[in-house]
Structure formats: structure tokens, C-alpha cells
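Written below as C-alpha cells is the structure these notes are about.
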Amino acid sequence: MQSGSARILELFSSATQIIELGANEVLFEEDDPGDSLFIVLDGSVEISLIWHDGRRLGLDVMRSGHIFGEIALFDPGVRTASAKTLEPCRLAQLSHDDLLNAISTKPELAVEILKLMGQRMRWMNQQLHEYVFMPLPARLARKLLYLIPGDTGTERKLALSQTELADFAGATREAVSKILSAWNKSGILKTSRGSMEVLDRSALFRIAGYED
């Protein structure tokens, strides 16, 4: 998902409440009432869905500059997903009323918010396409490339368990573990308890089906 525009970030700086949370704290759960959106100032937040039988699907990880929770902002009601911190976080919160007041004085902000929602819809359509049509190795490679932003230092590492990664790929832990084990043996990545590190990013690109 995309980070916020400069104008939206400017609004956050003047009309928000700052929230600080530790790691593994729940910000809100699916079906909770909500009338505000959030921006990540520091840290990272996992967005997920939980089925009634306990199965979980990870949707995204929100990092610094990313905005989420905007559906409840425009249509105050229950949350459509859950949000939990992955590490200590500092968040800015913008209420429904604050946004409407800001738009009344700066109508162009409405266009920026609509762009954000359009980006969100494109992202969700892409995820649906991958879940339905792509084989698990390609889907898993794409998730790793998205969740691990770079190829140097800490940017090529991911503090996520195999179970959590399976949630993001929409697969069982056993299936994901088998693929990761093969990639570990072939030198594509290195796995350890609760984390993994990409060693050969170009190999993941090929498995994901991306063009060079």
C-alpha cells in the first residue's frame, strides 16, 4: 500500500492525536467501531483478517509514512480488518470530524484522499489476482520482495516467523516451511527462528515472475 501524500501528511501534523504503542499491541480489531485513520510515524503495523474458525490472512505491513484505516474515516462504522504493531510504534490519529473540517477549508485534500483510496483498491485487486491465479512459490516470493524492502544491511532482513509469513501468503505453515527450506539450501535466503534474510534477491525476482 502507498504512503500518504505531502498534503495529507501536512494535515496530520496540525490536526492529530499522537499514539505510542509497544510491540505486539492491538490498535483495533475487525468489527471494532471506528471513525479515524492513522499514519505510521515510526515502527510498523500489520493489517490482517481473521476468519471465524481462527484462520488468519495477513494483508499488509504499514511502515513509516503509510496511512491506513481510511474506510472508517469516510463511512464511520466497524473496522474491516485488524491492526497490530510488529514493533514499538508512534502513530498519528485523524478523526472523521477533523478531516471534514480540513476539507471544508482545503477542498483539494479530498482529491488526495481519493487518490489514496484508488491506490488501495489497485493493491487489493492485485492481491486477489495473486491468491487466485499464482502458484504458492511465486506468491511467496512476491510477498518476501514486498515485505523486505532492500538488499543491504537490515533492509534485507525480516523479523517474521514462518507462521506469520504463511498468513501473508494465504497458505499453511507446512507448505511455506517446505519452500523456505528449499530456498535456504539453494542459498536464496537464510532462515532462523522468528526471522529470515534474503541472500539472492534476483532469484526471488525470477521465482516471482517479475521481468528483469
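The values are calculated or read from the model by the stated rules, or taken from the named source; none is laboratory data. Everything numeric here is computed off the predicted structure, so don't read it as measured data. Here Cβ is always computed from backbone atoms with ideal geometry, including for glycine, and neighbour counts include all displayed protein chains. Keep in mind that these areas ignore ligands, DNA and RNA; they rest on the heavy atoms of the full protein, side chains included. Shrake-Rupley method; radii C 1.70, N 1.55, O 1.52, S 1.80 Å.
For this structure, a couple of remarks:
- Candidates Ala141, Ala159, filtered to the one that is in contact with a helix residue (DSSP H, G or I) (Cβ under 7 Å, 6 or more places away or on another chain) and not assigned by the TED database to the domain that holds Gly43: Ala141
- Of residues in the stretch 36-63 being charged (D, E, K, R) and at pLDDT below 85, the one most open to solvent (accessible area, probe 1.4 Å): Arg55
- Pair list, Cβ < 7 Å and 6+ apart or interchain, from the stretch 154-176 residues that are of a type in the set (D, E, K, R) to residues that are loosely packed, with under 15 Cβ neighbours inside 10 Å: Glu155/Pro149; Arg156/Gly150; Arg156/Glu197; Lys157/Ser195; Lys157/Glu197; Arg173/Thr163
- From Gly69, Gly4, residue being at pLDDT 85 or above, small (Gly, Ala, Ser) and buried (at least 16 other Cβ atoms within 10 Å of the Cβ): Gly69
- Among the residues making up the stretch 156-179, those that are closer than 19 Å to Asp200 by Cα, at pLDDT 90 or above, open to solvent by 20 Å² or more (accessible area, probe 1.4 Å) and of a type outside the set (Ser, Thr, Tyr) are Lys178, Ile179.
- Scanning the stretch 180-212 for residues that are in a loop (DSSP other than H, G, I, E, B) and open to solvent by 60 Å² or more (accessible area, probe 1.4 Å) returns Ser186, Arg193, Leu199, Tyr210, Glu211, Asp212.
- A search for C-beta distances below 7 Å between a residue of the stretch 128-149 that is farther than 19 Å from Gln162 by Cα and any residue that is open to solvent by less than 30 Å² (accessible area, probe 1.4 Å), counting only pairs 6+ apart in sequence or on different chains, returns Glu130/Arg139.
- Checking the stretch 111-118 against the condition returns no match, with no residue being assigned by the TED database to the domain that holds Ile71, open to solvent by less than 60 Å² (accessible area, probe 1.4 Å) and either in contact with a Pro (Cβ under 9 Å, 6 or more places away or on another chain) or basic (Lys, Arg) (or both).
- Selected residue (only one of Met134, Met124 is hydrophobic (A, V, I, L, M, F, W, C), modelled with pLDDT under 80 and out of contact with any Lys or Arg (no Cβ under 6 Å at 6 or more places or on another chain)): Met124
- Check on Gln93, closer than 22 Å to Glu164 by Cβ, in contact (Cβ under 8 Å) with a residue 40 or more places away in the chain, surrounded by 13 or more Cβ atoms within 10 Å (Cβ to Cβ) and out of contact with any Leu (no Cβ under 6 Å at 6 or more places or on another chain): no
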